[in-house]
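Novice: One structure is given below, represented as structure tokens, and several questions about it will come after.
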Amino acid sequence: MAEQRLHPPKELPPETTAYLAHRLDGARDLYLLALALGDRPDGPSVFGRMIREARIHFAAVIEEARIAGLDTSAIAMMLGKLNIELADSIRPELWARVEQLLAERAARERSVQRGPR
């Protein structure tokens, strides 16, 4: 008996593509936000669980896209397209905090790279 293999359609319906694009955008943004908010210089991250859950969610949405028939390059292409900028979907006071955390992290990394004087 010949083995049957399921072959996903070469092109997904536009509704499915739009749905997956929104899911991927949201999961990516959630993960990036969790990483930005979770960065803490003093020991273990207060938001470690949030980062872990955001990562799990992001991986699950990527797997959902793969099950729907998208290959890695199609997923990457969807993630590369921003319909709404992350900055536009975050309240201004939270965005200011995210920018502050990113600037602090960059300053720490620069000081580590320079080393002690």
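Read-outs: derived from the displayed coordinates by stated rules, not from any lab. Please read these numbers as outputs of a predicted model, since none were measured by experiment. Heads up, the Cβs are rebuilt from the backbone with ideal geometry, glycines too, and the neighbour counts pull from every protein chain shown.
Novice: At 7 Å along Cα-to-Cβ for each site, give me the label-to-label distance between Glu109 and Glu11 in nm.
Specialist: According to this spin-label approximation, the distance is 4.0 nm.
Novice: Follow-up question, since we're still on this one. Pulled fully out, how much extra length does the chain show between Ile56 and Asp71, if you take 0.36 nm times their separation in residues and subtract their Cα-Cα distance? Display every interim value, and only then the final one.
Specialist: Details: separation 15, 0.36 × 15 = 5.40 nm, distance 1.93 nm.
So the extension gain works out to 3.5 nm.
Novice: How much length is gained if the chain between Ala96 and Ala18 is pulled fully straight, taking 0.36 nm per residue apart and subtracting their Cα-Cα distance, in nm to one decimal? Before the final figure, lay out each step's value.
Specialist: Details: separation 78, 0.36 × 78 = 28.08 nm, distance 3.00 nm.
So the extension gain works out to 25.1 nm.
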